[in-house]
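Just below is one structure, and these are the notes that go with it.
The values are calculated or read from the model by the stated rules, or taken from the named source; none is laboratory data. These numbers were taken from a predicted model, which means no experiment stands behind them. Methodologically, a virtual Cβ is constructed for each residue, glycine included, from the backbone with ideal geometry; neighbour enumeration extends over all protein chains shown. Accessible surface is based on the protein model in full, side chains and every heavy atom, while ligands, DNA and RNA are left aside. Shrake-Rupley method; radii C 1.70, N 1.55, O 1.52, S 1.80 Å.
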Amino acid sequence: MSFRKWAATAAGLLLLGSSLAASAAPPVFTDQVTDYGRNRWRTHFSPSEPEYPLAKDARPVWEVPLGLSRSQPLVIRADWSGNGSPTTRVYHLAGDRLWALNAEMTPPPRADGQSAESYRQQLAAGGFILWSTPATAICADPGLRAGDDRLAAGCAQAMLRPARPFSSSQAAFWKGARPQDDVIYVGYGFPAAVAAIRATDGKVLGAYIINARGDRGIVGAPLVYAGDTVVIGTTNGDAVIIRGLASGTAHSRVMHIGGRISASPVPLGESGFLMASDARWSEELGTHGYLMAYSLAGPGVREFAPRWPAAVATPSGIPGESAIDDMTIYTADKHGRLYALRLDTGELIWCRQFPGLGPCQPGGPAAPAFINNGPGIDVDRVYFVFRNNQGPDVGPGQIVALDKGTGRLIWQQPMNAKGNTAPVPLDNVVIVGDTGGYVQAYDKVTGKPVNFGGYPLRLSTEPYREGEQGERWWEPIGGTATQMTVADGFLLVGVNSESDERTVLKAYRLHPLPDLVMESLSVPGAADPDPGFTARVRVSCRNCGAPVTTSVSLTLNGMELPRQTVTFRPDNGWSVSVSWVSGPMPAGNAVTLVATVDPENTVEEADKTNNSLRATVVITAPQVNPPDDGWGSRLTN
């Protein structure tokens with residue numbers, strides 16, 4: 001069933017409140033909207049973005065201290081200068097600013113004893129940091145306030161409370177018809193605000209202060225639609241739909257969902273979204289999780305499918321985003337239950353319960369596993385990361401791989417520390433950040449850890465700070481605090497430290513892994529027993545960025561001839577030919593040859609299935625010539 005048909009045929013539509021002045025046009029997720037979040041649409045690439053294999057023992061190519069942050073980096077490649085040469089920018093919310101970084105510049109190393117602020121100024125002077133926009137500039141700009149009475153009132157209220165010194169939200173990108181029309185939509189944690197910022201130079205085009213009832217703020221990323229429409233959730237359970245933000249004529253409506261919305265809205269079809277709530281309360285169910293589908297297709301916000309509230313009411317809250325793949329939704333709750341649901345009806349397909357990951361049982365375990373992020377999905381698997389082994393304060397985390405269609409457990413791997421980010425599937429590995437400061441990679445086939453480039457940091461000494469309603473808005477943990485983004489050949493991740501650096505944004509360059517290929521194995525179809533035959537092989541190295549040395553082997557009916565060392569270099573075109581002479585062979589036999597490049601398996605490759613070729617040679621019986629009679633003729637019996 002298509003999304004449009006679902007909207008047209010769903011029974012019992014519920015119109016919530018008064019409508020907005022204009023309806024939202026459908027977004028085009030593959031072209032117009034690049035929205036990096038935590039699921040198939042938003043984990044690490046847009047659908048048009050290529051995937052990158054993971055290089056072994058990766059190290060960051062640069063790292064910059066920006067300020068306290070829980071945000072996820074946003075990557076955009078565009079022709080910013082207008083000279084026909086596109087470059088990559090990285091946008092990251094940290095402190096009270098939205099930083100814009102030139103990803104292709106390598107910053108100078110930080111001097112011993114140099115403060116983080118001094119180093120930032122040095123980088124800015126060198127052109128590495130392009131610009132930054134303080135969250136307080138929204139209220140400091142008299143031109144913005146003068147043109148928007150609601151903004152002025154919101155600023156007056158927000159300024160009565162001290163600003164929190166970090167941004168916990170994320171950004172979304174809208175690609176316009178021209179570069180000057182490109183907009184970054186930013187959700188700031190506190191004051192709870194959404195701003196439209198021109199991507200080329202950082203000018204604030206419009207802003208909106210959200211009345212979050214206690215200013216508990218914004219955590220997720222805005223979801224952007226055509227027609228300058230933005231949807232975002234707040235931590236006090238409101239879904240806010242804002243229109244006219246970039247034009248400076250922002251107007252909105254608020255739909256109270258309840259609980260705590262700690263994840264971004266997930267795009268659903270052409271004009272809808274999913275919103276999940278952590279710890280919603282009702283008289284019938286008590287405290288529970290809640291997942292619901294909404295649509296912006298009409299003039300108001302409509303709630304679909306009356307069966308959904310019952311089908312997706314979980315025993316505990318849903319703290320992370322859901323992932324959508326084809327017609328299936330994957331999500332998890334804080335009791336360690338993993339769910340697959342039908343997208344068109346919300347009906348349950350399968351449910352699995354940690355720790356054994358068998359079918360879910362009523363009530364759940366006494367000490368539930370804890371998940372605080374959404375899943376990552378791949379071609380045939382879905383990956384979940386448990387922050388703790390069991391319970392919110394017990395044991396290290398675990399990562400699991402399940403079959404998408406059935407929920408069958410494929411592998412389960414304990415982590416060295418608590419799992420802290422959503423899993424990011426790449427070409428041959430799944431990447432996860434933990435609270436020990438590691439960015440860890442796990443082999444997709446086996447689940448075994450693969451060497452990468454994380455390194456440990458000590459735990460932060462920052463104490464908890466209590467909000468007006470008693471919420472704790474900063475956890476004293478070291479390690480990976482921001483979601484990871486993979487785009488344009490970069491892996492970007494923020495890692496907390498304990499000094500004035502707060503969060504250090506690290507950029508890893510993900511070059512494609514080399515691929516050793518056995519191109520050809522040339523042998524005769526038949527050969528005499530003596531002297532035997534010659535076997536020639538040609539091997540190449542695809543995607544080699546540096547010389548690679550390994551060996552090539554040849555076996556004859558299982559007996560290995562001496563291996564030959566080969567080096568792939570640019571001066572030989574990354575291709576090498578070698579040969580062997582078999583020597584005398586027994587007559588009347590067929591010889592099976594197997595040629596293999598890198599038989600020791602010492603080279604980290606993108607593909608091991610093309611490393612060998614086999615062939616067969618028939619060893620013919622020797623021909624016996626009759627004796628000569630001396631007159632040039634052969635004697636016969």
Practice prompt. Quickly run through region 90-132 and pick out the residues that are in contact with a Phe, Trp or Tyr (Cβ under 9 Å, 6 or more places away or on another chain) and hydroxyl-bearing (Ser, Thr, Tyr).
Written response: Tyr91, Thr106, Ser132
Practice prompt. With respect to Val439, determine if the residue is open to solvent by less than 10 Å² (accessible area, probe 1.4 Å), among the hydrophobic types (A, V, I, L, M, F, W, C) and at pLDDT below 85.
Written response: yes
Worksheet, complete the sentence: By residue number, the members of region 184-198 that are modelled with pLDDT of 80 or more and buried (at least 24 other Cβ atoms within 10 Å of the Cβ) are Ile184, Tyr185, Val186, Gly187, Tyr188, Ala193, Val194, Ala195, Ala196, Ile197
Worksheet item: in a loop (DSSP other than H, G, I, E, B), touching a residue at least 60 places away in the same chain (Cβ under 8 Å), open to solvent by less than 30 Å² (accessible area, probe 1.4 Å) and farther than 23 Å from Ile197 by Cα - does that describe any residue in region 56-67?
Response: yes
Practice prompt. Of all residues in region 311-326, count the ones that are aliphatic (A, V, I, L, M) and free of Cβ contacts under 8 Å to residues at least 40 places away in the same chain.
Written response: 3
Item to complete: Give the residues of region 122-138 that are assigned to a helix (DSSP H, G or I) and touching a strand residue (DSSP E or B) at 6+ places or on another chain (Cβ under 9 Å), sorted by residue number.
Response: Leu123, Ala124, Ala137, Ile138
Practice prompt. Identify all residues within region 231-269 that are open to solvent by 10 Å² or more (accessible area, probe 1.4 Å) and in contact with a Pro (Cβ under 6 Å, 6 or more places away or on another chain); write none if there are none.
Written response: Ser262
Worksheet item: Any idea how many residues of region 604-618 are at pLDDT 85 or above and open to solvent by less than 50 Å² (accessible area, probe 1.4 Å)?
Response: 4
Worksheet item: Listed residues Thr550, Thr567, Thr555; which is of a type outside the set (Gly, Ala, Ser), open to solvent by less than 80 Å² (accessible area, probe 1.4 Å), farther than 24 Å from Val523 by Cβ and at pLDDT 95 or above?
Response: Thr567
Response to the item:
Only unsatisfied item for Thr331, checking (1) of a type in the set (S, T, N, Q); (2) open to solvent by 10 Å² or more (accessible area, probe 1.4 Å); (3) modelled with pLDDT of 80 or more, is (2)
Response to the item:
Note on region 262-283: residues assigned to a loop (DSSP other than H, G, I, E, B) and under 22 Å from the mean Cα position of the chain (by Cα) are Ser262, Ala263, Ser264, Pro265, Gly269
